[in-house]
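The structure that follows is given in the form of structure tokens.
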Amino acid sequence: MNRIRIALIGGGPSALTIVRKLLCAQPQNFALDIFERNASLGKGMPYSEQGASLEHITNVSSDELCPFRETLEAWLRKQSHKMLANYGIDKTTLHAKHVVPRLLFGLYLEQQFSALLDECAEKGLTTHVHLNSEVLDITSAENGHTSDVQLAKKSVKGFDKVIICTGHVWPKQQEGKVAGYYDSPYPPAKLSKKYNHPVALKGSSLTAIDAIRSLSTANGQFYDDQGQVSYQVDNDVPNFKVVMHSLNGLLPNIRFHLDDPLVSDDGMLTQQQITQHMAENDGFLSLDFMFEHNFKSVLQQKDPLFYEKIVDKNLESFAQWMLESRKAFEPFTLFKIEYLQAEQSIKNEKTLQWKEVLALLSFTLNHPAKYLSAEDMTRLHTVLLPLIGLMIANVPQSSAEQLLALHHCGVLEVIPVDRDSYLQVQGDKQFDYHYQDESHQLITQRYATFVDCTGQQHLENDAFPFKSMFSNEPILPAKVRFKDKKQGEEASAKGDKAVNLGSDGHYYLSLKGLAINDYFQPILADGSPSNRYFVMAVPFISGFNPDYSGFDFCDQVSSIIVDKLCEKAPQ
């Protein structure tokens with residue numbers, strides 16, 4: 001009776017890692033209800049039909065995952081030749097670096113979740129699973145101490161803690177109202193149709209590659225041409241083409257060999273060092289301090305030759321140097337070069353150190369980013385994250401080969417656009433893309449089909465789905481303070497609506513999403529944390545957690561939340 005009752009809202013990968021961490025902690029002290037709107041656990045959006053079709057591939061391999069009951073490689077080896085062949089996999093060639101179709105990976109996650117639930121029964125962690133159960137709201141009980149989960153036909157009452165694990169959210173704004181417009185490429189089945197005209201994509205991230213795979217599969221065939229991947233458009237759609245509109249014409253990074261496939265903060269600043277630095281820096285975390293210690297200093301040890309090239313560069317000059325060096329090449333020429341470099345990296349099992357360390361910098365920055373000043377948070381978003389976004393995408397080799405094949409036959413084009421480019425919706429199947437070319441001439445291109453592929457957006461608090469959760473205890477929106485009051489004053493005077501003067505006389509930069517503490521508990525209006533709720537749904541916390549990386553993020557956050565839960569567990 002004195003167990004802590006927990007509601008997990010969402011039964012995807014985030015919930016899976018929470019259950020795994022609870023089993024490693026004090027399982028007999030908890031009772032767990034899992035609410036999942038779909039018919040199975042573990043898959044979430046990316047690894048189910050909501051986010052993938054047969055043609056979509058993971059960008060993570062077995063050795064890059066903290067194992068559940070068994071590794072991905074071990075699970076694959078247990079499957080039949082016939083079953084794996086259905087997903088285009090030859091069982092005789094399996095290895096730890098294998099990347100697999102996302103739907104197959106979803107089956108792995110589903111079975112790992114099932115195995116964990118069996119282990120829950122063995123170790124005394126009581127669980128109740130609610131499938132096909134969409135949560136409509138979360139309300140406070142009359143006692144003011146517990147929460148009730150509201151479903152369409154019933155209410156499940158009496159939860160001491162609620163963890164929001166709802167994963168990706170793709171709000172529809174124009175889609176469904178304007179023919180030919182798609183707010184995202186998900187679920188991919190909606191794009192699987194014939195297009196006898198150019199299709200415009202906004203963005204060039206992994207989301208765009210998902211769209212390209214869906215579109216190209218529906219409108220032609222890939223085939224082997226003397227060891228090279230080639231593509232042939234179907235005869236009934238001779239005008240089919242995909243046009244990516246990419247900032248500066250840049251394409252994402254391709255998977256390469258990692259020396260440390262499991263993300264680790266070894267060699268990085270410790271929490272004690274960060275805390276000491278903040279105490280000496282007016283309570284702020286300095287972005288330059290993190291760049292120097294968690295990137296340049298690490299590279300000095302791991303890749304002295306590359307370090308010598310950047311020893312005198314600060315964050316801005318390094319990012320500019322890297323972006324300019326990439327822009328010096330035609331986009332697909334560079335993509336081909338990096339494909340060959342990645343292929344050699346994998347073959348020789350030799351990493352590309354600066355890329356690996358840059359990904360580690362991103363990972364170690366994510367959790368303490370809430371302590372950046374407004375000035376540094378702006379620099380993070382405008383200078384560092386655009387570069388990181390390119391470098392940590394890790395496009396699978398097979399996807400890279402398909403993109404190169406599509407470009408080679410003239411079906412795929414990349415148009416460099418500037419930050420001021422925009423889309424104008426004229427009506428059904430009439431979309432004008434406005435941008436400047438390299439000579440700064442204004443260009444307008446009309447399309448009949450448009451797909452927004454900019455990836456998961458950071459959502460405002462108004463989009464948070466459970467409206468009653470904080471009705472009795474309002475929460476703070478995410479915001480960071482200007483270190484230099486004059487800079488805040490100047491930004492406010494220029495009409496920046498995100499900059500506001502606080503009641504304490506300081507200027508603040510408003511961010512999207514909820515304000516959360518280090519334990520992922522929402523911050524209430526009085527500055528105290530909510531003791532009942534935890535939020536790890538990335539669209540709603542990305543103001544304070546601006547970069548998140550799949551299973552690495554889930555594993556880190558789950559450990560933090562479960563450690564906090566165990567503090568309150570009965571002894």
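None of the figures in this text is laboratory data; all of them are computed from the coordinates on show. In this text, all values refer to a predicted model and were calculated from it rather than measured experimentally. With ideal geometry, Cβ positions are generated from the backbone for all residues, glycine too; neighbour counts draw on all protein chains shown.
Can you give the charge dipole size of the stretch 271-391 about its Cα centre, rounded to the nearest 20 debye, using +1 on the beta carbon of Lys and Arg and -1 on the beta carbon of Asp and Glu?
Result for the stretch 271-391 is approximately 380 debye, rounded to the nearest 20.
Output the peptides 515-526, 229-240 sorted from most to least packed, where packing is the average of other Cβ atoms within 10 Å over each peptide's residues.
515-526, 229-240
Can you pull the one-decimal nm distance between simple spin-label points at residue 260 and residue 276, each 7 Å off the Cα toward Cβ?
2.0 nm
In which sequence would 335, 544 go, from the one with the fewest C-beta neighbours within 10 Å to the one with the most? Before the final figure, lay out the partial values.
On the way: 335 23, 544 26.
Ascending number of Cβ neighbours within 10 Å: 335, 544.
At 7 Å along the Cα-to-beta-carbon direction for both residue 236 and residue 328, put a label point, then send me their distance in nm to one decimal.
In this crude label model, residue 236 to residue 328 measures out at 4.8 nm.
Per the helix-only calculation at 222 nm, which mean residue ellipticity applies to the chain, given -39500 (n - 2.57) for every DSSP H run of n ≥ 4 and division by its residues, nearest 500 deg cm²/dmol?
Details: 17 runs with 184 residues, N = 571.
About -9500 deg cm²/dmol.
Where the centroid of each part is defined by its Cα atoms, how far is the stretch 279-341 from the stretch 101-136 in Å?
The two parts, judged by their Cα centres, are 41 Å apart.
Assuming 0.36 nm per residue, please report the length gained on full extension of the stretch residue 382 to residue 309 beyond their Cα-Cα distance.
Values: separation 73, 0.36 × 73 = 26.28 nm, distance 2.29 nm.
My answer for the length gained is 24.0 nm.
Specify which labelled value, from [x] -0.17, -0.35, -0.91; [y] -0.21, -0.42, -0.99; [z] -0.22, -0.44, -1.16, agrees with log10 I(q)/I(0) by the Debye sum over Cα atoms at q = 0.05, 0.07, 0.11 Å⁻¹ derived from the coordinates of the model shown.
Checked against the structure: label [z].
Compute the separation of the alpha-carbon centres of the stretch 415-464 and the stretch 519-554 and state it in Å as a whole number.
Computed from Cα coordinates, the inter-centre distance equals 30 Å.
Now for a different question. Set Lys and Arg Cβ to +1 and Asp and Glu Cβ to -1, take the dipole of the chain about its Cα centre, and tell me which of 509, 89, 306 lies farthest positive.
Farthest towards the positive pole: 89.
What is the gain in length, in nm to one decimal, between residue 436 and residue 497 on full extension, counting 0.36 nm per residue of separation less the C-alpha to C-alpha distance?
On the way: separation 61, 0.36 × 61 = 21.96 nm, distance 2.65 nm.
Additional length available on full extension: 19.3 nm.
In addition: Using the Cα centre of the stretch 252-353 as origin and beta-carbon charges of +1 (Lys, Arg) and -1 (Asp, Glu), tell me which of 319, 341, 352 is placed farthest towards the positive end of the dipole.
341
Sticking with this structure for a sec: May I have the count of lysine pairs in the stretch 103-230 with C-alpha atoms under 25 Å apart, counting pairs 8 or more residues apart or located on different chains?
Going through the stretch 103-230 pair by pair, I get 14.
Right, another one. Arrange the peptides 80-89, 185-194, 352-361, 505-514 so that the one whose residues have, on average, the most other Cβ atoms within 10 Å appears first. It would help to have the intermediate numbers written out before the result.
Details: 80-89: 13.2, 185-194: 17.3, 352-361: 21.8, 505-514: 19.5.
Per-residue Cβ counts within 10 Å, averaged per peptide and sorted highest first, yield 352-361, 505-514, 185-194, 80-89.
Taking 8 Å as the Cα distance limit and 6 or more residues as the minimum spacing, I'd like the relative contact order of the chain as a percentage. Please list the in-between numbers first.
Working: 1052 pairs, mean separation 105.6, N = 571.
It rounds to 18 percent for the chain.
Could I ask something else about it? For the stretch 71-86, take each phi angle, set θ = phi - 60°, evaluate the Karplus expression 6.51 cos²θ - 1.76 cosθ + 1.60, and give the result in whole Hz per residue in order, putting x for glycine and proline.
These are the phi-based 3J(HN,Hα) values: 6, 4, 4, 5, 5, 4, 5, 7, 7, 6, 4, 5, 4, 5, 5, 4 Hz.
Roughly how big is the chain's charge dipole about its Cα centre, with Cβ charges of +1 (Lys, Arg) and -1 (Asp, Glu), in debye to the nearest 20?
Here the chain has a charge dipole of around 1180 debye.
Another one. Given the Cα-Cα distance of residue 86 and residue 429 and 0.36 nm per residue of separation, how much length would full extension add, in nm? Walk me through the numbers on the way to the answer.
Details: separation 343, 0.36 × 343 = 123.48 nm, distance 3.65 nm.
Full extension of this stretch gives 119.8 nm more.
Let me ask you something else. Which order do the peptides 322-328, 104-110, 90-96, 381-387 take when ranked by the mean count of other beta-carbon atoms within 10 Å per residue, highest first?
Values: 322-328: 13.6, 104-110: 22.9, 90-96: 11.1, 381-387: 17.4.
Peptide ranking by packing, descending: 104-110, 381-387, 322-328, 90-96.
Rounded to the nearest 0.05, what FRET efficiency is calculated for residue 54 and residue 566 with R0 set to 60 Å and r the Cβ-Cβ distance?
Details: r = 41 Å, r/R0 = 0.69.
It comes out at approximately 0.90.
Still on this structure, please answer the following. How would you classify the stretch 271-391 from its alpha-carbon gyration tensor, with a ≥ b ≥ c the square roots of the eigenvalues: rounded for a/c under 1.5, else prolate if a/b is greater than b/c, otherwise oblate?
Numbers: a/c = 2.25, a/b = 1.72, b/c = 1.31.
Prolate shape, in that a/c is at least 1.5 and a/b is the bigger ratio.
Okay, moving on. Towards the positive end of the charge dipole of the chain, with charges on Cβ (+1 Lys, Arg; -1 Asp, Glu), say which of 372, 332, 498 has the farthest Cα.
About the Cα centre, the residue reaching furthest to the positive side is 498.
Give me the dipole magnitude in Debye, nearest 20, for the stretch 433-571 about the Cα centre, with unit charges on the beta carbon: positive for Lys and Arg, negative for Asp and Glu. Don't jump to the answer; show the numbers that get you there.
Working: 13 positive and 18 negative charges, 72 e Å.
About 340 debye.
What does the net charge come to around residue 315 if you take all other residues with beta carbon closer than 14 Å to its beta carbon, with K and R at +1 and D and E at -1?
Details: positive: 296, 313, 379; negative: 288, 292, 312, 316, 375, 376.
The answer is -3.
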